[in-house]
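So the structure is just underneath, and the comments pick up after that.
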Amino acid sequence: QRKQYRLRKLGKPSNMSDERVRLLNHLGFTWQAQCAAWNRHFNSLCSYKEENGTCLVPLNDDKYPQLGLWVKEQRRHRSLMIRGKHSHMTQERVDILNSIGFCWDSHEASWWDKFKELQKYKEEFGHCMVPQQYSPNPQLHKWVYQQRRQLRWLKEGKMSRMNGKRARALEELGFVCTSACQKNEKTDTLAKFNDQEDMKDENGQIKTLEQQFLPHNEGIRKEAGGDSEVEGEGSDVESEGEMIGDDNVDSCDWNNLLWSLKTGENAYGRCA
């Protein structure tokens, strides 16, 4: 229909009649393909906002894979329009996008993209303490560190890129801005990646619990004097009120012992 309408406008042979034009206009038909595509993406953006409460669409959204790029293009074309360069953006489109709370600031949009990545991290690990060696997303730790610094400057009354909206979003997510938090970043999540390497032998195979614990146990024996008597109890080693000797190594609870060795905790809680 658009092709026939275009031929009609050019005065060329066309099967588009005045009656057909009237009927299509009555339906709200869009004669320009570019306008039709823009309207289609805008409707998708309205649906996205209704579902997520925001117009900040990530580039890799699962449900709307093309929408993030379209949103980015709207910012670019508005920038071109402001500078007086060729652009598909019109003031009418600007007003339409403004009516649904469209975010024109690319830096703000980038910040919220990172915030969404932090949300996903918390869903997986249960906290916002991203370690420096977090291989699935190496840049996320740096961003988290910057947010702590910006939050601290904001609280100290210094110049900061942190604003109230961002601070509230981080607070609601459970974001902690303390030195202790920074210190603990190197623990819980990092351990999930490093423990597997520590548990491998020289051939790259995962060690058994006995193999992981016995070298440490042997070291304790040597420090205590090898096979000589220690406090009159032979080569036994006292640990948390229990005696672990050669005769009961095979029957001990290796899981509990290994956990105690690695974390300082036993089955009853953290050691004093």
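At a glance:
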{"read-out": "Nitroxide proxy distance, nm - points 7 Å out along Cα→Cβ at residue 66 and residue 123", "value": "2.5 nm"}
{"read-out": "List 142, 9, 116, ordered by accessible area with a 1.4 Å probe, largest first", "value": "9, 142, 116"}
{"read-out": "Segment 1-56 versus segment 89-168: alpha-carbon centroid distance in Å", "value": "36 Å"}
{"read-out": "Cα-based shape type of segment 1-138, given that a ≥ b ≥ c are square roots of the gyration tensor eigenvalues and the cut on a/c is 1.5", "value": "prolate"}
{"read-out": "Residue-normalised accessible area of segment 1-72, expressed per residue, 1.4 Å probe, Å²", "value": "70 Å²"}
{"read-out": "HN-Hα J in Hz across segment 123-133 - Karplus 6.51, -1.76, 1.60, θ = phi - 60°, x for Gly and Pro", "value": "4, 7, 10, x, 7, 10, 8, 7, x, 5, 9"}
{"read-out": "Heavy atoms of residue 90 accessible to a 1.4 Å probe, total area in Å² rounded to 10", "value": "60 Å²"}
{"read-out": "Residue pairs, from the table 120/158; 116/142; 49/72, whose Cα atoms sit over 20 Å apart", "value": "120/158"}
{"read-out": "Candidates per GluC sites (Glu not before Pro) in segment 81-186, loop by DSSP, up to 16 other Cβ within 10 Å", "value": "156"}
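The values are calculated or read from the model by the stated rules, or taken from the named source; none is laboratory data. Owing to the predicted nature of the structure, the values given are computational and were not obtained by experimental measurement. Neighbour counts are summed over all protein chains in view; Cβ atoms, including those assigned to glycine, are modelled from backbone coordinates with ideal geometry. Please note that ligands, DNA and RNA were not included when accessible areas were found on the heavy atoms of the full protein model with its side chains. Shrake-Rupley method; radii C 1.70, N 1.55, O 1.52, S 1.80 Å.
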